[in-house]
Every structure is written in structure tokens, then in C-alpha cells.
């Protein structure tokens, strides 16, 4: 024993030697620390999940499609955005609904938006028959098709809600930012998602940001969601899809 | 300034975590050494003392310095928060308070590292004293 001890002492004075005790001590220390970290993370994850209970998020898909966006309708839409009345929300069909708790409920909607780009009817003719299927009461209007540059023929530009557009496989609802909720702020975030032919989200571009943490919340939720790829004539293709997320508060 | 605050934050906390790991590993190693040591193998009291007190100073240093390092992280965090307020003119209290709370986190972690380290140090020092006393009683006072 003494011999081993002395040799160990010599080795450790040289600098690079691990005695049996040192190794044991390091392993014990690392395991204790990792245990503490795991405990901490488990607790923090648990804490984050029940933060949402003060309001509920209602998801409504508004797929109003007309092939061309005339100017007057665009004005109506802007008007509609400013008044998130109860009646208007009732008209829509909720997809996800959680338990209401408090005075406010937050409604986060995604819908199609109108584009400022040139309309090209010929490139995506599918939405045209769809326009009649949707209820006419809603005045939200959006373009469906864009003039696709010839160089990027393998990538279509579309938006969520279109036929052939990418869709959510698993939809992560964005959290309503707490400060925005307290201040009664509402907002609209428009994102452009680059989704490849396998349904992988490659990039997120913020087309229309909003303050009060809306943009961050929307991007975070989109990154946690999974998608099915866009398809054209039954073939899966990569796409750039516009996604509008509305953060709407409504008083119960 | 965001990246700098993140660097300060994670740098300080990472340093404290590394210090904590080192302190705990040395404490465990020392405990094992003290448990397995054979007092009869040592002829001289001073050589026994050298062997026993080896590396204890590292635990003592970590225990005494961890709060200071945590405090440094807090000071830097508060500095950055104030700098951001001054630069952007934030009136948003929640952001300020979040910055200050995150800054205080560094001090908390420093204390969490320091308390076990000091405890280990005192505990091990006591063990050393006991072992030296045992050696003395075993070998008789004449050989000192």
C-alpha cells in the first residue's frame, strides 16, 4: 500500500497522472453535477408548461382565397384586422381549443395574406375553384399565386391554406407574449417558411414583424412544428410558403 | 451588447460549474485517500502532513473565491443592463427587472458552489488533524 501511495505521489507531482482515487472522485463529482443539472432542467421544463394556463389559445384557419386581390377588398381586410370582435371570431371554426381561464382569451390565427407581388393566375390554377367553397362572409382576401421566377422552377411560392401548399403535421401553438397580453396588444406576424421536398423546415424569414415579442413567439412555434411538403400534381416539391399568424385578444 | 451579456453570463456560470466539479472531485478523492491511508507507513510527521494536506488548498481557494466570481458576474450583468437602458432608453420595467434578476443568478450560483466547498474543506481539515493526532499517539511524542 505504501509503495503504491508513494509512486502515486510521484506521478501526481509530475502533473499528468490519474490515481485510482482521483478518477473515482472525478466520476463521482461529474455524476453529482449532472444529476443536479437534470433535476434543475426537469423542474424548469415543468414550470414553463403551466405558465400558459391564464389564457387559452384558439386556432382558426381562415382559408379565404380569391385569385385576384382587388383594392377595395384589401381595405376591408385592414378594417377587419383592427376590430377583433367577438362575433367575428365566432364565425370561424376553431381547430384547437383549450380550457378558458381568465378574463382574456388569446386567439392566434393563421390565415393567408395578400401579397404585393404581381398576380399570376396561370402558374397555379388550382385555387380558383376553391374560392367558391369558402364562406363569403369573411372578407379576408389573399393572393394565391405569384409569378415564380424561371430560375427557381423547382421551388414554388405558396401560402398555408392553399391546395398543394405545405401543411402542418404537428402544429405548435405560439405562446401569447405575457407583456402583450397585459398591455392588450394584438399583432400579426407574417413568416415565409422554406420547406424542402421532404417537409423539413430549412429557413424562416420574417416578412412582416410585430413588436411585443410576437415575432419571436411565432418563429419559435414554427420551428417546433413539423410540416408535410408541398405537392404539385402529386409530386412533392420544395416550397416557400407564407404563413400569417395573428395574435388576437378577446374579452370573455 | 446581447452577445456580450450572454458571454459574460455563460462564461461566469461555466467557470463556477467547473470549479464546483473540481472541488467535489478533490473532496471525494481526499476522503478516499484518508480512508485508505496507513499511518504506520510514514516515518516522519511532516511527510504525513504533506501527504494529507495535498490539494486541500484548491478546495479552500474555490470555496473562498466562488462568491466573488459570482459577484463579478452580477456586477457585469447589471452594468450591461444599465448600459442597454441608457442606450435604448427603455421604459419597459419588465425587461430591466429580467436583466437584474438574471444578473443576480450568478451570485446565487457562486454561493451554491462556495457553501459545499467550505463545508468540505472544514470537514477534511478536521480529518487531517485527527489523522495526525492518531499518528502522534501511535508513534509516541519522542519521534516528533
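The values are calculated or read from the model by the stated rules, or taken from the named source; none is laboratory data. Being a predicted model, the structure only gives us computed values, none of them experimental. Ideal geometry is used to build each Cβ from the backbone, glycine not excepted, and the neighbour counts take in all protein chains shown.
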If you go through B:35, B:30, the only one that is within 26 Å of residue B:136 (Cα to Cα) and out of contact with any helix residue (DSSP H, G or I) (no Cβ under 7 Å at 6 or more places or on another chain) is B:35
Original post:
Within the bounds of the range B:75-91, is there any residue that is at negative phi, in contact with a helix residue (DSSP H, G or I) (Cβ under 8 Å, 6 or more places away or on another chain), within 14 Å of another protein chain (Cβ to nearest Cβ) and surrounded by 13 or more Cβ atoms within 10 Å (Cβ to Cβ)?
Top reply: yes
Requested in this report: Look at residue A:207 and say whether it is under 30 Å from residue B:93 (Cα atoms), out of contact with any helix residue (DSSP H, G or I) (no Cβ under 9 Å at 6 or more places or on another chain) and buried (at least 19 other Cβ atoms within 10 Å of the Cβ).
Outcome: no
The residue that is nearest to the other protein chains (Cβ to nearest Cβ), considering only those in the range B:38-54 that are surrounded by fewer than 18 Cβ atoms within 10 Å (Cβ to Cβ) and outside any helix (DSSP H, G or I), is B:38
Task: Test result for residue B:124, surrounded by fewer than 16 Cβ atoms within 10 Å (Cβ to Cβ) and part of a helix (DSSP H, G or I) - done: no
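Just need a number here: residues in the range B:22-37 that are more than 9 Å from chain A (Cβ to nearest Cβ) and loosely packed, with under 13 Cβ neighbours inside 10 Å. Can you show your working first?
Looking only at the range B:22-37, we keep the residues that are more than 9 Å from chain A (Cβ to nearest Cβ), and these are B:34-35.
Then drop every residue that is not loosely packed, with under 13 Cβ neighbours inside 10 Å, which leaves B:35.
Of the residues in the range B:22-37, 1 are more than 9 Å from chain A (Cβ to nearest Cβ) and loosely packed, with under 13 Cβ neighbours inside 10 Å.
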(request) Please tell me if residue A:239 is touching a strand residue (DSSP E or B) at 6+ places or on another chain (Cβ under 7 Å) and surrounded by fewer than 17 Cβ atoms within 10 Å (Cβ to Cβ). (result) no
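Based on this model, can you work out whether residue A:250 counts as over 13 Å from the mean Cα position of the chain (by Cα) and either modelled with pLDDT of 80 or more or over 25 Å from residue A:181 (Cα atoms) (or both)?
Numbers: over 13 Å from the mean Cα position of the chain (by Cα): yes; either modelled with pLDDT of 80 or more or over 25 Å from residue A:181 (Cα atoms) (or both): no.
Spelling it out, it is not the case that residue A:250 is over 13 Å from the mean Cα position of the chain (by Cα) and either modelled with pLDDT of 80 or more or over 25 Å from residue A:181 (Cα atoms) (or both).
Being touching a residue at least 40 places away in the same chain (Cβ under 8 Å) and under 30 Å from residue B:84 (Cα atoms) narrows it down to one of B:4, B:52, B:48, B:31, so name that one. Steps first, answer last, please.
Values: B:52 fails: under 30 Å from residue B:84 (Cα atoms); B:48 fails: under 30 Å from residue B:84 (Cα atoms); B:31 fails: under 30 Å from residue B:84 (Cα atoms).
Of B:4, B:52, B:48, B:31, the one residue that is touching a residue at least 40 places away in the same chain (Cβ under 8 Å) and under 30 Å from residue B:84 (Cα atoms) is B:4.
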Checked against (1) within 13 Å of chain A (Cβ to nearest Cβ); (2) touching a residue at least 40 places away in the same chain (Cβ under 8 Å); (3) more than 23 Å from the chain's Cα centre (by Cα), residue B:19 satisfies every condition except (3)
Filter the range B:48-60 for residues that are modelled with pLDDT of 90 or more and out of contact with any helix residue (DSSP H, G or I) (no Cβ under 7 Å at 6 or more places or on another chain); the one that is farthest from residue B:118 (Cα to Cα) is B:50
